[in-house]
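For reference, the structure discussed in these notes is given below.
The values are calculated or read from the model by the stated rules, or taken from the named source; none is laboratory data. Treat the numbers as computed from the prediction; the structure is a model and nothing was measured. Note that each Cβ is placed from the backbone with ideal geometry, even for glycine, and that neighbours are counted across all protein chains shown. What goes into the accessible areas is simple: the full protein's heavy atoms, side chains included, and nothing from ligands, DNA or RNA. Shrake-Rupley method; radii C 1.70, N 1.55, O 1.52, S 1.80 Å.
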Amino acid sequence: GQANDGLSGVIAGLELIRYFRSVPHRQTYKLLIMPETIGSVIHINAQSLSAKNVRAALFLETMGCGERLYLKETRTGDSPMDLAIASIESEEPSIGTKSFLEPYGNDELMFDFPNVGIPSAGIQYYPFPEYHTSGDTPDIIDWDKWWFAVEIAKKLLMRLDADRPIRLKYRGAPYLSRYKLYADAVN
């Protein structure tokens, strides 16, 4: 039984790759499908992955059924991924946020391990009673929930894609009042 805890995330990943092929984007997206935990450890080491060559990772787990959809923060909780998670949570009251070590932990633990340091988040429904049982069959997948989770993943990745570092072209403070961004004593 690994329909929700496994295949629902794989299918979601395929849908996300299909989506990013059809829209303009700035980042490069790669879908990894491999055995949980051990596959991540082997891939990280074989590819010499680190925060220097991978900006972020999103793990798609238990995407098709469960009580509530949660976005899991990264290990440090202060990456651009975490800012995107917070902004989506503020817009979507049905979504919750969990810390890095809760609820279910899988490959994100390997990618965001301190000596790897790739900011890694997760998206998952939690709890679902069939977790790690033979009851985790295709019959339990709620496709409306699955599509909602996929749409949230798209939104999250598009926010990261739109993020741009600011590089000033000159030294000194920028002229913010021209853009109505200056915080003055009255306004």
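Would you confirm whether or not segment 111-118 contains a residue that is assigned to a helix (DSSP H, G or I) and either within 26 Å of LEU49 (Cα to Cα) or touching a residue at least 60 places away in the same chain (Cβ under 8 Å) (or both)? Before you say what the answer is, go through the steps one by one.
Applying the first criterion (assigned to a helix (DSSP H, G or I)) to segment 111-118 yields 111.
With the extra rule that they be either within 26 Å of LEU49 (Cα to Cα) or touching a residue at least 60 places away in the same chain (Cβ under 8 Å) (or both), the set shrinks to 111.
Scanning segment 111-118 turns up at least one residue that is assigned to a helix (DSSP H, G or I) and either within 26 Å of LEU49 (Cα to Cα) or touching a residue at least 60 places away in the same chain (Cβ under 8 Å) (or both).
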Take the residues in segment 119-134 that are part of a loop (DSSP other than H, G, I, E, B) and closer than 12 Å to CYS65 by Cα, then tell me which one is most open to solvent (accessible area, probe 1.4 Å). PRO129
Quick one: which residue in SER50, SER40 is among the hydroxyl-bearing types (Ser, Thr, Tyr) and farther than 26 Å from ASP136 by Cα? SER50
Mind telling me which of the residues ASP161, ASP142 ends up being in contact with a Cys (Cβ under 6 Å, 6 or more places away or on another chain) and not hydroxyl-bearing (Ser, Thr, Tyr)? ASP142
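Sort out which residues of segment 35-50 are assigned to a loop (DSSP other than H, G, I, E, B) and open to solvent by 60 Å² or more (accessible area, probe 1.4 Å), and write them in order of number. Explain how you work it out, then say what you get.
Residues of segment 35-50 assigned to a loop (DSSP other than H, G, I, E, B): 35-37, 48-50.
Passing the criteria: PRO35, GLU36, SER48.
Quick one: which residue in THR62, THR74 is in a loop (DSSP other than H, G, I, E, B), of a type in the set (Val, Ile, Thr), in contact with a strand residue (DSSP E or B) (Cβ under 7 Å, 6 or more places away or on another chain) and on the phi > 0 side of the Ramachandran plot? Write out each step before concluding.
Numbers: THR74 fails: on the phi > 0 side of the Ramachandran plot.
Matching residue, one of THR62, THR74: THR62.
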